[in-house]
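The structure under discussion appears below in the form of structure tokens.
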Amino acid sequence: MLTAVIACAALAWAVWEWRRRFPTTGAGASADRHARALRTPLVRIADALGVQTKAGQRAGNFDAAAISEARVGALLDTLTADGFTVLHDRWLRGKNVDHVLVGPLGDVTVGDTKWWSARYPLTVRAGRLLHGRRDVTEWLDGLRWEAREVSRLLGGVPVRKIVFMYGGAARLGPDGRPVGELVVDGIRIVPADQAPAVLRRTAKIPGQRTAAELAALAQHALPPHIGR
């Protein structure tokens, strides 16, 4: 009897959660939608009863991505006071771009939030990015493609590529000593809490077009990702 009551309560909670409306745009919105799509009422019931499922595990990964992107987004939003245009979770040819920033002098940056566990350090060896012993260089391929496409959409302007690190993984140089940031094939990897300061410094370099022109073009060419 008790098991049936628990199951009914879990079902009611799962259906209510599934039908709730949440913000559809903003940093982390796409990852949040993926998590909620995976958590069907049956998956939510399994979660409530402590039963692990593949869908539930994948949803947990998307939850972590949504949280990290939202928190990095909040840090980047502080740059609006310095004249930046900050766009999050934008739609680009079937994919979402985590962050696009246009600086006050017309410089453009495409940013990607990555979560790396603090259990292992990040290092660069022979042009490869390693997390512990695991080669994670391919994790940067999406950012390279996004930067190329954003540059094309904005008329060929140079676009910087930055990974905003979330999760506290240490960064080690070739000598094994801690370093502030890493660089792999022109991609800077910086701790999320240092991102605003890094971007303020790089924004001192004028871009090829005015900030207002680029900001308007980016907002038009990169609409919010609203769950297409």
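I need H220, H88, H225 ordered by Cβ neighbour count within 10 Å, fewest first.
H220, H225, H88
Taking amide H positions as placed in the peptide plane 1.01 Å from N, state which residues far from H99 in sequence (5 or more) or on other chains have amide H under 5 Å from it.
D89, G111
Quick one: L217, L79, L129, L105, fewest Cβ neighbours within 10 Å first, how do they rank?
L105, L217, L79, L129
Between their Cα atoms, which of K114/K161; K54/K95; K95/K204 are more than 20 Å away from each other?
Pairs exceeding 20 Å: K54/K95; K95/K204.
Sort E149, E69, E138, E213 so that the residue with the fewest other Cβ atoms within 10 Å of its own Cβ comes first and the one with the most comes last.
Going from sparsest to densest Cβ surroundings: E138, E213, E149, E69.
Read-outs: derived from the displayed coordinates by stated rules, not from any lab. This structure is a prediction, so every number in the text was calculated from the model and none was measured. Every residue, glycine as well, gets a Cβ built from its backbone with ideal geometry; the counts of neighbours run over all protein chains shown.
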